[in-house]
Amino acid sequence: MKRFISNIYKFILFVFLGVFSLTNIVHADTTFPEPTNYKYVNDYVNLLTIDEKERIVSIGKELEDKTGAQATIVIINSLDDVPIEDYANKLFRSWGIGKADEDNGLLILLAIEDRSWRVEVGRGLEGAITDAGSGRIMRNLAVPEFQNDDYGTGLLNSYSALCDLIAKEYSVTLEKSLNIDLSGIEDEDYEDLEAGDMIPIVIVGILVMLDIFFNRGRIISAILRAMFWSSGRGPRGGGYGGGGYGGFSGGSHGGGGGGFGGFGGGSSGGGGSSGKW
């Protein structure tokens, strides 16, 4: 009788862990692409022409040269059911857009298959670019163009207007006449994460459940103990710091940017606007 009850308990635990593992897979931390060598425009779906990219880079470089602020565009295929606000905020922090001591970064994110856009504003620019202001610019200058599949014009117009607001905050004017030639800078290819990329996670989850079901979790316990001690934390070690998105906050991303340098470690508090077209 005791063995029967024990097996029932194991079965319930197995089902619970299965549901829990699948839930975690759906809500797993998103893996972000590396910044491209163009820095100010990161087109991972080859949506824009080289001329459109050069004009955007020209404005972004002039803005950074004159103010230190960093404004970038990111275009992806799909959010894979991740809320665009969460994706944009974590991407912003992961890349560290803007200066760490000023948080003066700005991100325009487009998800083509989801037909969604997001403007994420660094804390230091929230006074210059309000949530309502960024939303109004996107709805008036970008969305009508997006609806006509003219993404280049929509992005260029909205990016230019937002950069003007940043420049005004720093009491400078953008001439927008800087000549940029991207022909000598190789952009980077990008591949979306496919469902197949989740297979290793599923396999690990199954192995974990099998160990618990048939071996009382002995293997998992041994691995966790080994990891715990190898980290140098022992029984008296300090706790793990940070929570939420803290792991991304303030982290400078040295990669990407090509001849335009990397990002500066800026962060965002979640301010901005989002919508669809």
### Query
Using θ = phi - 60° and the Karplus curve 6.51 cos²θ - 1.76 cosθ + 1.60, what whole-Hz ³J(HN,Hα) does each residue of segment 172-180 get, with Gly and Pro shown as x?
10, 10, 8, 7, 6, 10, 5, 7, 10
### Amide H contacts of residue 271 (H built 1.01 Å from N, under 5 Å, at least 5 apart or other chain)
121
### Query
Relative to the present Cα-Cα distance, how much length would full extension add between residue 66 and residue 147 at 0.36 nm per residue of separation?
25.8 nm
### Query
If you wrap a convex hull around the C-alpha atoms of segment 41-188 and split its volume per residue, what is the figure in Å³?
110
### Query
Which percent, to the nearest 5, of DSSP beta bridges fully inside segment 41-188 are antiparallel?
40
### Dipole magnitude of segment 41-188 about its Cα centre (Cβ charges: Lys, Arg +1; Asp, Glu -1), debye to nearest 20
480
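Read the figures in this text as sums done on the coordinates, not as results from a lab. From a predicted model like this one, the values you see are computed outputs, not experimental measurements. FYI the Cβ positions are ideal-geometry reconstructions off the backbone, even for glycines, and counts take in every protein chain you see.
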